[in-house]
1. Do you know which residues across the stretch 4-40 are of a type in the set (Ser, Thr, Tyr) and part of a helix (DSSP H, G or I)?
2. Name the residues in the stretch 1-27 that are over 45 Å from the mean Cα position of the chain (by Cα) and hydrophobic (A, V, I, L, M, F, W, C), would you?
3. Given the options Phe102, Phe66, Phe30, Phe91, name the one that is of a type in the set (Phe, Trp, Tyr) and within 18 Å of the chain's Cα centre (by Cα).
4. Based on this model, can you work out whether Phe43 counts as part of a helix (DSSP H, G or I) and modelled with pLDDT under 95?
Amino acid sequence: MSLFQGLWSSRSKIIEEFEALKRDAEENAFAELQSVVRIQRLFRGQKVRAKLSAMKAGEMMIARVFRGHLGRKEARARQHATEVAQEIAIFHYHVSIIQRTFRGFYSRR
């Protein structure tokens, strides 16, 4: 009960302190709002930059993998073309031997 009596007797002082705190809050409201907006702006900006960085890293990985795929595809095509050229060269070699043999045989007949 003595706590209540102490509070009751100092109620005017408590009300004055409350009013002073309320005035202080009202005076600093705009500065606090600006601070809150700045914190939100920085946080959201960092969040967007992190997302863009992750997207760029993903894009670079996709591009790298695709370039590797194209390089391997081109290398296979070159290798196939080389093998075909070698087979054609072997074919022409054997054809020339057959023609030479046949012409020699035909001319002596």
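1. Across the stretch 4-40, the qualifying residues are Ser9, Ser12, Ser35.
2. Of everything in the stretch 1-27, those that are over 45 Å from the mean Cα position of the chain (by Cα) and hydrophobic (A, V, I, L, M, F, W, C) turn out to be Met1, Leu3, Phe4, Leu7, Trp8, Ile14, Ile15, Phe18, Ala20, Leu21.
3. Within the list Phe102, Phe66, Phe30, Phe91, the selection yields Phe66.
4. Criteria not met by Phe43.
The values are calculated or read from the model by the stated rules, or taken from the named source; none is laboratory data. Worth saying up front: this structure is predicted, and the values here are computed from it rather than measured.
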